[in-house]
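Notes to accompany the following structure.
What follows draws every value from the coordinates through simple rules; no lab data is involved. Bear in mind the structure is a predicted one, so any value in this text is a computation, not a measurement. We place every Cβ from the backbone using ideal geometry, glycine too, and count neighbours over all the protein chains shown.
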Amino acid sequence: MLNTGCARQSPWQPGILRVNLGTEPPTLDWHLSVDMISFEVIQNIMSGLTQYSNGVDGAKLTCQAACAKKWEVLDGGTRYVFHLRDDIYWTDGKKLTAKDFEYAWQRLIDPATGAAYAHFLYDVINAREINQAQIKDLSKLGAKALDDLTFEVRLNKPAAYFIYLTAGPTTFPMRKDIVEAYPGRWTEPQNIITNGAFKLDSWQHEYKIDLQANEKYFGGRPKIDKIKMFMIPEQSTAFSLYQNDQLDFIDNRSFTTSDIAQCKKDPNFKTQALLRAQYLGLNTLKSPLNDVRVRKALAMSIDKNIFPKILRRQETPMQSWIPPVLTGFKQDSGIAFNPEEGRKLLALAGYPGGKNFPRTEVLYVSREDTKLGLEAIQAELKKNLGISIELVNQEFKVYLTTRKLHPPHMIRASWSADFPDTDNFMSVFTSDSGNNYTGFKNKEYDRLVEAARGELDNEKRALLYSQADKLLCKENAVLIPLYMATQCVLYKPWVHGIDVNALDIQNYRTAYLEGSN
Amino acid sequence: MLLRVVIKRLLAMIPLLLVIATLTFMVIRVVPGGPFDQERNLPPQILANLNAKYHLDKPVLEQYFLYLGRLCHADLGVSYKYVDRTVVDIIKDAFPVSIQLGGAGLLIAVLIGVPLGTIAALRRGTHIDHLAMFVSTMGLSLPLFVVGALLILVFAIWGKALPAALWESPLHAILPALTIAFKPMAYIARLTRASVLEILQKDWVRIARSKGLSESATIIKHVLRNALIPVVTLLGPVSAVMIAGSFVVEIIYAIPGMGRFFVTAVMNRDYDLIMGITLIFSVVLVITNTIVDVLYMILDPRISYE
């Protein structure tokens, strides 16, 4: 019971930033977390070998030094040697060493941990074998502390994207003594030991997390003293609290599409393009979409420019699968809007003017923006091709089961980047991918993606990816890319310096509060 | 005698809980989707590791007996979604909040509902009666989220008198407690009115009045005591539902109670958590019904459960 929280109080509290997480983070164990909410908290209390540059305004995210002051890429890209700073301390005063990384990486890959993202390290020597219990000895992992300040990673083969993994939460260091001292409870505030800009002060489950500035942070103490991260699931409630000056900074989690018009009037409303692609996956094995002419006709008959008008969050319409800021992007890799050509192709496929076009379903999960977008697509296809598609809405887990066991004609899906590299998008549609629900299996595509994965020359890599993208979107029309989502933020005039990046991580270490009420 | 009734009721709860646990256990496993299904598919080995960790790789019957074995030791299992937390942890955090909110709501519902219904009955056909019934009809027909949104709009956004949401101080509990109380209050008012009207026609009320007993004494001692029996019947399930938490109210006001888990645990296919909150709700329901039975016996000594 802290204060009344009434709007009559001072609109902001010096040094305290109040934000909305939306929901409870399922875990703060960075080996077990798989969701954006957990990552947002973890990224603010932990620091890894590298960290992402500030990638605002569509700039490409790059890796900068963090716990590692520098690193070397040796042996044709199969060996990485990280040299750690010697002035990094955990929140209990103990010095960070390369052993903390070695333990963390071994725990991540240990099958007993049950880490969902352990496969991120499958490029590391013996990682896959250990995780699949073919090798029991964790010390056989190709990631070792050579001394207190040197951490070496050996890969099976070059992986151009590997460095990005060192900026993500799954590879952050971890304290063996703490994890073992408090099994299952080491992430609670009284136990957890971290090394990031903030430290976990309190955690009222399902309600609020308080972070406090870490005086020992190697990057310098943050200017914010405290962050109150509320978990307000209802967008209209969060928006009311913002309007009543009880939240200082909000994003998509805190306003609905219908609130956007009001938000945009505020000079402190900004949008950040995300690496989050929205698309229609087409089932290439199911009639009538097993005919590539039909798939192309559909792709040609949806004007992607409608999405920013309907959804109003400055979404970027997409034609190709590779997002604009990533290696290999080419505008002409995909199919452009051309309804006339679409009608011709549909006629050639045996459906002139859409006549006799069989019942075709799009499976989706009910969300306000998804439904709005799909209704627009339904209207576009009716207008441009004369065909009717049926929208089938299912509860999320039922949708996942249907998608896997009885794939419909089309699915409305989304792909959020785990790391800012093209491989993370292109590997979705390889023949062995568990996320490819289109039935598309193409050896040439697989070869191109595999070759690009290990190619360290960026120009050659870009060429390989653009060829693969063309094969996927233009020649086979396996999917219809719709748009790249954005993160919209709204903040009070006294809030400055919050870094929202394309991976949708809100970084508060550079934030500060200053100025008028 | 009272004690015997209570003990009998509580003992009868054990087989009841076993039936509920069995049914819930089976039903949630029939529903499509599992706890580890997510937007992006996990590699088969990773999924196998997760299933093995939580014994979900074992046959359903074996899982069932494992669960019952743990239940005998008061171990309700772990959450698959909130991976560091046990079901007991979650209930321990959330249940007291729901009790506070539901308790406050129940108090408001009774303290407003009973007098409102009584006054409406005593002033039958007057403007007071019409107003009371209009308010109670509103309470019955308006969905909770509309009531909540209206209260926030009037008292928080326009009036700036109360906080719009959150759970920081007693002041923060006023709007959610009013919201959660609105519908039961309406039920109680209508039921009290009907019941009081019926009792007012009874001979013993006429006799009490003819003997010169004051109107207030007649109402309190002879009318209300008898009229409240149906209201008390209603209070059993109503208080159980209120104390167990309300999904809508907790979501609208961002309150960390237990009600939200009745929906989110199912959405997440968080098996052990679904089992845990279902069992807790069943226990609450049995306890509140037992209290109602005891209250019956106090209000009307003729009632016996022997």
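Here are the numbers for this structure:
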| read-out | value |
| --- | --- |
| Choice from B:Met138, B:Met258, B:Met242 showing the highest fluctuation, given a GNM over chain B with Cα pairs closer than 10 Å | B:Met138 |
| Label-reachable residues, segment A:101-124, where backbone N falls under 19 Å from a point 7 Å from B:Glu39's Cα toward its Cβ | A:116-120 |
| Highest-first arrangement of B:42-51, A:234-243, where packing means the average Cβ count within 10 Å | A:234-243, B:42-51 |
| Nearest-ten-degree value, helix A:98-109 long axis tilted from longest Cα axis of chain A | 40 |
| Residues A:Glu375 and A:Lys264, FRET efficiency given R0 of 22 Å [Cβ-Cβ distance, rounded to 0.05] | 0.45 |
| Assigned charges on the beta-carbon of Lys, Arg, Asp, Glu; segment A:366-517 dipole about Cα centre (debye) | 440 |
| Mean Cβ neighbour count within 10 Å, used as a protection proxy, ranking A:248-254, A:78-84, B:209-215 highest first | A:248-254, A:78-84, B:209-215 |
| Spin-label model distance (nm) - A:Gln134 vs A:His496, 7 Å beyond Cα toward Cβ | 5.6 |
| Protection proxy ranking of A:166-175, A:286-295 - average other beta-carbon atoms within 10 Å, highest first | A:166-175, A:286-295 |
| Segment B:Asp300-B:Ala52, length gained on full extension (0.36 nm per residue, minus Cα span) | 83.6 nm |
| GluC sites (Glu not before Pro) restricted to DSSP loop in segment A:442-517 with at most 16 other C-beta within 10 Å | A:Glu514 |
| Mean residue ellipticity (222 nm) of chain A, computed from DSSP H runs ≥ 4 via -39,500 (n - 2.57), nearest 500 | -7500 deg cm²/dmol |
| For residues of B:25-37, the mean tally of beta carbons on other chains within 10 Å | 3 |
| Two-site FRET efficiency, A:Asn435 against B:Ala12, from Cβ-Cβ distance with R₀ of 41 Å, rounded to 0.05 | 0.20 |
| Point-charge dipole on Cβ atoms (K/R +1, D/E -1) for segment A:47-178, about Cα centre, debye to 20 | 140 |
| Label-zone membership for segment B:137-166, site A:Gln243, 7 angstrom Cα→C-beta point, backbone N under 16 Å | B:146-166 |
| Estimated distance in nm for a label pair at A:Glu361 and A:Asn458, the labels positioned 7 Å out from Cα along Cα-to-Cβ | 4.6 |
| Set of lysines near B:Lys58 by C-alpha distance (under 23 Å), chain-local residues within fewer than 8 positions excluded | A:Lys136, A:Lys397, A:Lys404, B:Lys81 |
| Alpha-carbon centroid distance for the pair segment A:418-481 / segment A:297-314, whole angstrom | 24 |
| Average Cα contact separation per residue, segment A:47-178, under 8 Å, 6 or more apart, as relative contact order % | 31 |
| Partners for B:Lys211 among lysines (Cα-Cα distance below 18 Å; same-chain residues under 8 apart left out) | B:Lys202, B:Lys221 |
| Peptide-level mean, for A:399-410, of C-beta atoms on other protein chains within 10 Å | 2 |
| Averaged over A:205-216, number of beta-carbon atoms from partner chains that fall within 10 Å | 3 |
| Charged-residue dipole, Cβ positions (Lys, Arg, Asp, Glu), chain A about Cα centre, Debye nearest 20 | 1060 |
| Filter on A:Lys223/A:Lys309; A:Lys228/A:Lys265; A:Lys144/A:Lys216; A:Lys60/A:Lys270 - keep pairs with C-alpha separation over 28 Å | A:Lys223/A:Lys309 |
| B:Val88-B:Ile229 FRET efficiency (beta carbon distance; Förster radius 45 Å; 0.05 resolution) | 0.75 |
| Whole-Å distance, taken between Cα centres, linking segment A:207-232 and segment A:19-42 | 15 |
| Simple label model, 7 Å out from Cα along Cβ direction - A:Ala336 to A:Asp87, nm | 5.5 |
